[in-house]
Amino acid sequence: MKKVTKAAALVLAMAMMMSMLVACGNDAGAATGGTLTFGTNAEFPPFEFVASNGVIDQYDGIDMAIAKQIAEENGMTAAIENMEFDSLLIALSNGQIDAVIAGMTVTEERLEAVDFSTPYYTATQVMIVKEDSDIASAADMADKKICVIQGYTGETCVQEMGYSYEAFKKGTEAVLELVNGKCDVVVIDSATAQKYVGDNEGLKIVEDASAFESEEYAIAVKKGNTELLDKINKAIEAKLADGTISELSAKYIDESGE
Ligand code: GLN
């Protein structure tokens, strides 16, 4: 199962937009000042979500803690721009943000548009179903109502399986649809699924490792921004080596409750 077929047209459209933006000479996002601006979509617990007091303003989660540390280690302050997941790579390309940290899976089509850091987390797509569901594998979704989140790798997976589905803007919306019995299964990343199952009665996770390949989350920077990428990679590699990232993951995944 490859995630390569996701809208070649999107890549083309982005390439066209980028060439237009380059023509405008807009490169305001270069990380030369005191602020390192990360784009995210704060609808993806435990990686990014809105909380009453987050690690960066109202934003909390594994990614937010990592972003803050990366900025601080480079003598900068982290700022967050919260936007739709689908807008992140465009905002990066046009210089509105310096980097994207959004539980974003490295895929071949995204690599056409941006550069990715060393991966910091391994995930997989899973299926959230009602506790009494007879769905036991991805193939069982064939005649079911499937919900995905627009632009997530889960959408690509379901598309490649050839199943029809309904796409929602937010994970919470898709899960609500499932809770209300309006769909049979939500395909979404593992740790986020765990969080939603913990938050809602009567749901369970079904895994199918033969149908969903593992995915790696990494931070994206504008193509060719090696200066920032080197800084990010140094920080990420140190945090992987000294256990900071696994500690953060454990902390936020535990907090998600079960
Ligand atoms: N990992 C998934 C993707 O990259 C979902 C990411 C997210 O929703 N933040 O598409």
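The values are calculated or read from the model by the stated rules, or taken from the named source; none is laboratory data. All values derive from a computational prediction rather than experimental measurement. Positions of Cβ are backbone-derived with ideal geometry, glycine not excepted, and every protein chain shown enters the neighbour counts. Quick note on the areas: whole protein, heavy atoms, side chains included, nothing else; ligands and nucleic acids left out. Shrake-Rupley method; radii C 1.70, N 1.55, O 1.52, S 1.80 Å.
Per-structure values
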read-out: Single residue of 245, 205 found to be open to solvent by less than 30 Å² (accessible area, probe 1.4 Å) and either touching a Gly at 6+ places or on another chain (Cβ under 9 Å) or in contact (Cβ under 8 Å) with a residue 12 or more places away in the chain (or both); value: 245
read-out: Flag for residue 216 being within 16 Å of the ligand (Cβ to nearest atom), assigned to a strand (DSSP E or B) and open to solvent by 30 Å² or more (accessible area, probe 1.4 Å); value: yes
read-out: Contacts under 7 angstrom Cβ, first residue in the stretch 66-89 being under 20 Å from residue 249 (Cα atoms), partner of a type in the set (S, T, N, Q) and surrounded by fewer than 23 Cβ atoms within 10 Å (Cβ to Cβ), 6 or more apart; value: 71/77
read-out: Residue match in the stretch 178-193 (condition: assigned to a loop (DSSP other than H, G, I, E, B) and in contact with a Ser or Thr (Cβ under 9 Å, 6 or more places away or on another chain)); value: yes
read-out: Residues within the stretch 108-147 that are free of Cβ contacts under 8 Å to residues at least 24 places away in the same chain and among the small types (Gly, Ala, Ser), tallied; value: 1
read-out: Matching residues in the stretch 130-150 - criterion: being within 16 Å of the ligand (Cβ to nearest atom) and touching a Lys or Arg at 6+ places or on another chain (Cβ under 9 Å); value: 147, 149, 150
read-out: Within the stretch 37-61, considering residues that are touching an Asp or Glu at 6+ places or on another chain (Cβ under 8 Å) and of a type in the set (A, V, I, L, M), the one farthest from the ligand (Cβ to nearest atom); value: 51
read-out: Selected residue [within 13 Å of residue 119 (Cβ to Cβ) and part of a helix (DSSP H, G or I)] from 240, 248; value: 240
read-out: Some residue of the stretch 157-174 being more than 13 Å from the ligand (Cβ to nearest atom), touching a residue at least 12 places away in the same chain (Cβ under 8 Å) and under 18 Å from residue 110 (Cα atoms); value: yes
